[in-house]
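Comments concern the structure below.
The values are calculated or read from the model by the stated rules, or taken from the named source; none is laboratory data. Computed from a predicted structure; not experimentally measured. For neighbour counting, all protein chains shown are included, and Cβ atoms are generated from backbone atoms with ideal geometry for every residue, glycine included.
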There are 2 protein chains.
Amino acid sequence: MLVEACVRAKELSAPFPTVGSDTPVLEAARLLAGRNLPALIVVDEGGRPTAVLPGTQVLRMAIPSYCQDDPVLARVIDEAAADVFLAGVADRTVAELLPHERRELPVVEPGATVLEVAAVMARTRSPLVAVADKGQPLIGAITLDALLDRMLGT
Amino acid sequence: MLVEACVRAKELSAPFPTVGSDTPVLEAARLLAGRNLPALIVVDEGGRPTAVLPGTQVLRMAIPSYCQDDPVLARVIDEAAADVFLAGVADRTVAELLPHERRELPVVEPGATVLEVAAVMARTRSPLVAVADKGQPLIGAITLDALLDRMLGT
């Protein structure tokens, strides 16, 4: 158990693709779907993490807002889903997906303990935590799945 | 595009493992981690979906609450993560993970359109939508990933 006690975020961390605020939403959605990611990490021009976007946030942009408010309307619109999606995201960038209010960013330093990573994940309800030193470029990310595997010893 | 327009939830739906409110949290966590699921579907004794639990919700239970409130405390506790997790979930069941407040359940009927599924997913911010007829047992589930694959044609 001594070995387990020494595990830090850096060791759990794996390389993770990133997007910028100028990345087209369509490209971001393709990355999410193609790699089966739980969320996307947005970085600034210096490679520093600025936001972690859950996949459902990307989806929100593609759904006409009247359908989000009233699913019955979505039911009667039997359009080709791909067409609706493409129309929704055309010419839009990740910048429009970013939350307006200031939220706690799910980021930990490389030296964070497993328990610290878990606490950040639980509190922010983010299935993905970015790993970076304060004000420094992204090192990698830890998924909920990787964390649970470690905690459960599976 | 005519074919695409006819796609319904039933066709996007895939079999999905379920838990009951009496399932031990440890078993639920192992299911989540072992199968890399985005969430768990809780069913009643009749097999009807009663809740969709995001993975981070399961994690919350395993973290001492003082660590959730203050990540600095989590940092100084350099205990074996597996020990903390096992102590946290011992003798607890899924019933304790269920939200107290009444929330919209991410469930669609088998005849729901792709757009309707997307709208429910976006509004509830759930990466998983259960498929069932009203008051009937679970048929399957649609993940965000499966939905995006369909919408993007990947």
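Among the residues here, A:Pro38 qualifies as closer than 19 Å to B:Val120 by Cβ, in contact with a Ser or Thr (Cβ under 7 Å, 6 or more places away or on another chain) and modelled with pLDDT of 90 or more. With respect to the stated conditions, B:Ala28 is within 11 Å of the chain's Cα centre (by Cα) and part of a helix (DSSP H, G or I). Can you name the residue in the range B:1-25 that is assigned to a strand (DSSP E or B) and modelled with pLDDT of 90 or more and, of all such residues, is farthest from A:Asp145 (Cα to Cα)? Residue satisfying both the conditions and the ranking: B:Ala14.
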